[in-house]
1. Go through the stretch B:325-361 and give me each residue that's over 24 Å from A:TYR188 (Cα atoms) and under 15 Å from the mean Cα position of the chain (by Cα).
2. Please go through the stretch B:481-491 and give me each residue that is more than 9 Å from chain A (Cβ to nearest Cβ) and in a helix (DSSP H, G or I), ordered by number.
3. Can you tell me which residue is farthest from A:GLY255 (Cα to Cα) among those in the stretch A:108-137 that are touching a strand residue (DSSP E or B) at 6+ places or on another chain (Cβ under 6 Å) and of a type in the set (A, V, I, L, M)?
4. Is it the case that B:ALA439 is within 12 Å of chain A (Cβ to nearest Cβ), touching a Leu at 6+ places or on another chain (Cβ under 9 Å) and at pLDDT below 90?
5. Scan A:PRO70, A:PRO20, A:PRO50, A:PRO38 and give me the residue that is assigned to a loop (DSSP other than H, G, I, E, B) and not hydrophobic (A, V, I, L, M, F, W, C).
6. Specify the residue that is surrounded by the fewest Cβ atoms within 10 Å (Cβ to Cβ); the eligible residues are those in the stretch B:88-112 that are farther than 18 Å from B:GLY366 by Cα and modelled with pLDDT under 90.
7. Output the number of residues of the stretch A:358-373 satisfying the condition of being free of Cβ contacts under 8 Å to residues at least 60 places away in the same chain and polar (S, T, N, Q).
8. What's the number of the condition B:ALA426 fails, among (1) at the interface with chain A (Cβ under 8 Å from one of its Cβ atoms); (2) closer than 30 Å to A:HIS78 by Cα?
Amino acid sequence: MLSLIIFVPLVFALVMLFVPKTQERLLYWLAGIGTLIPFVLALVLAAQWPTAEVSTAPYAQGMRFVTHVPWIDAIGVHYTLGVDGFGFTMILLSTLLFPLAVLASYKYIKDRVKDYLILLLILATGTNGVFATLDFMLFYVFWEIVLLPMYFLIGIWGGERREYAAIKFFLYTLIGSTIMLVGAIYLYVVTGVGTFNLLQMAAATAKLPVTGLTTFAFFALLVGFAVKVPMFPFHTWLPDAHVEAPTPISMLLAGILLKLGSYAMVRISHPMLPQVAARYADLVFVFGVIGIVYAALAAMAQKDFKKQVAYSSVNHMGFFIMALAAASKLAPQSPELAQVALQGGYFVTIAHGLISPLFFFAVGMFYERTHTRDLTKLGGMFLTIPVVSFATAFVAFANLGLPGLAGFIGEFISLTGSYPAFGLWVLVAGAGMVITAAWHLLTMRNVLLGEAKPEYRGLADITLKEKIIFAPLAVLIVLFGVYPRPIMELLKASVEVLTQVMGLGGM
Amino acid sequence: MLNWSQLVNPSYVAVLPHLIVTATLLVVILLDVWFKEKRSLVWVTLGGVVLAMLSIWYSASDEQIRAAIAAGKPLEFWGDMIIADGFTFFMNGVLLGIAALVILLSGDYVAKFLRGAHMEFYEIILAVTLGMMFMVSSRDLLTIYIGLELSSISSYVLAGILRKDPRSNEAGLKYFLTGAVASAVLLFGLSLLFGVTGTTRLPDIATALAGGGPVVAAAGPALTPLLVAGMAFLMVGFGFKIAAVPMHLWAPDVYEGAPTPVTAFFSAGPKGAAMAAILRVFVGGLGVAPFTDKWTLIWAVAAAASMTLGNLVALQQTNIKRMMAYSSIAQAGYILVGVAASGLQSAEGISSVLFYVMAYAVTNLGIFAVLTHMDQEGGWVEVDNYKGLAKRNPLYAWALLLFFVSLIGIPPTVGFLGKFFLFRAAAASGYLWLAVLMAVNSVISVGYYYRVVKVMFLDASDDPALTPSTGISATVVLSLVGVVLLTIFANPFVQWTAQSAALLK
């Protein structure tokens, strides 16, 4: 089943290779179906989730929907798939966002549609694969498969400085990932486990002493993932990539690609070397908090609407980093406290995965109509395009963390959960929240309120296509804002396991 | 019922691939005299090479040979000059595969530019291949050296085969002069080694160095000046063949000046064969403490220098053949990481070298197939000539992209697996710094591959579409299939390299 979720888009991409490029409608249909099938399959899995068998095999302890086939036996590499709460929530998110991105591309991407859609489908295979795999080699393969399509999607269909943004994105991620590979191979060699299975490796590596080399390995992994998250100071590719990428790609970039990093941290770097993570928790915390405050201030200073939203991604993901640092510090003493922090932190990534794509989409709606993202040129939009403006206001409130919407819950729990670990220092992050709220209000005043500008008179209001994209995400944001329990339940078992593992590391 | 295995003498079975290549060479020379239709003769050449490749499977499945390999004591034949082990079979397969692809991709080029020496080109390719095959099939310094000379001398001719092109002449002459010096140095090193140990057989050299031989016995296992000099000369000689820094200076000029199909051949064949010979000599002959520590470190330094310098200089190139020359210097550096590791962790090191040689050959020949086509179409050898290739010929552009990805070492390509095994070997042997340097270098190399990708995909061109050539498209597709399938179905190859590695010492 998981294999189907991963490879159905790839199969559709291969089929589309043989469709003539003038048949754009057919291509869109194929791409739409190719991304919808995984979503439907993911929903089926969600329905089966409570009754699904939980694996007890050492290679997939606590995972569901497990597949385990040898790949390169000689060095202990297997094609192992399986998901727990961390992975499955991400698969749901990713399979939901891809069809929406295909729809958002319709009539928006005009040039080389065939190439675009094929790359998009390959991207889907890569991201779904990362979230489902339990073998490091396989993980790395999918991790890198994401890279090339993304490079082209930004580099060919992006804005004016697209080439620069694309290669910057590519190089940052590649540097991170090659170093990460070296770190993982070092761990493989030094423990002599003879397998690249993530769980079996973690069982061996978590017992290693904190030495210079294990510290190197931890930071090799962490930096590889931190580039994707992005964690301060590895975030500088993100504003460029977001601003230059076309709207659907921005949605995917913020919604899913950043989550590859956060997921990898909870799946790989922290379970594998919890002892190092605990030792350096303060350092990671500092970077997380700097990210929160710095990104909030940077967002406030931008004149470009899209860049603001891009920086807000760095800001929100900072909460995840902070909570993760808190969890790794708390776990050895009190797993219960660590669970709170971790649950909050991971919820942030899920909420951000729903909100930020929508926000980018809202920016895109303005840009398509006014052809500018310059905040000084926009204004009075409530009077010209009221429904689009209302939608934007809604998502802005969600993004700034209004209670009752999904963004609030995660950040609030992260803050309270991190307090036992870092004391009043978490207030710095709280200040970041306030700054974020401030610039959202300022931006909304700029863009939405005020006199209607004559040059924007007569713009079309929201279209059916936009409503279809907007509705599911908005509903989920409200739903998880008032009733986060389904997600929390999904995460609970995985969080418990992870905090247990991290707790062992501190002893 | 006749039992073939009893009738056929295993000494012939062991050298069956060599015999087939020799026979093909002779047949082609003879037919060349009478046949006017040269292009059909090319098919005879290709057929011979493919037949030789298939015959490896026959040799390897011979009962006696198989039983001996399984027992850990591979058989040697012809006065212990030829050894039938997994290493031999693997490398012969790779080398013959390289020859086959080069013959396939060179068809149109040779017909267009080498009218006067049509079949000579293929005859020399066969001769070089034969030399390389002997080079990797022996545990005796003499056979290794003779094989190396056969392949080198033929290579000099190959580099200068465009007689009316001054650049090709220069390449030939330069290759010949520097190559001759390197061969002499190598031979001198071999003679010193012989002088100290009293034998040319590598296993005996190893025993002698460990303290069992007549000359060393007096001094005990120590680094005598003679041995140090011998080892150093060997390194210089082999280092020249693989174009490792600082013995790399010939490579860019020769790669640029030689006809493009020849460059394709040079970048994959002689390099791979020399790597294999290095493994045989150093792991099999000099793999004895305290020598191992010394040569491992020197190869590690050469690896670091080669990849860093190769990649940094490649960034500056505008001629794509020259760029690929520096890229191949960097790639040699990567492979040397495996060589260095093989001194300390021979199983991981050797199998990683073997796998990477194969991965590199498959990938690089695909690249050079496209380069050859661009060269023969319009003499396009500058990076700027590749503008808009994605529109002019999508197959070539996407294939080049995938090949570059493989050279950088990004999955899902065979180059990634190759790099991965090198990383593992380096980490296992304690050369973590080398692994990190290699990772950094992979990222540097993106810089110049990216330039080509950028002009191909992001720049527009007014030039008309490129008509594909059958031979070249076939090579590109074969390489593409190889690059992808060797990743997905890597397991048998990984096991094969691991088995080959186990018997070397």
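1. Across the stretch B:325-361, the qualifying residues are B:ALA325, B:SER327, B:SER328, B:ILE329, B:ALA330, B:GLN331, B:ALA332, B:MET358, B:TYR360, B:ALA361.
2. B:VAL481, B:GLY482, B:VAL483, B:VAL484, B:LEU485, B:LEU486
3. It comes out as A:MET137.
4. Taking the combined requirement at face value, the residue does not satisfy it.
5. Matching residue, one of A:PRO70, A:PRO20, A:PRO50, A:PRO38: A:PRO20.
6. Here the answer is B:LYS112.
7. Result for the stretch A:358-373: 1.
8. Going through (1) at the interface with chain A (Cβ under 8 Å from one of its Cβ atoms); (2) closer than 30 Å to A:HIS78 by Cα one by one, B:ALA426 breaks only (1).
The values are calculated or read from the model by the stated rules, or taken from the named source; none is laboratory data. These numbers were taken from a predicted model, which means no experiment stands behind them. Here Cβ is always computed from backbone atoms with ideal geometry, including for glycine, and neighbour counts include all displayed protein chains.
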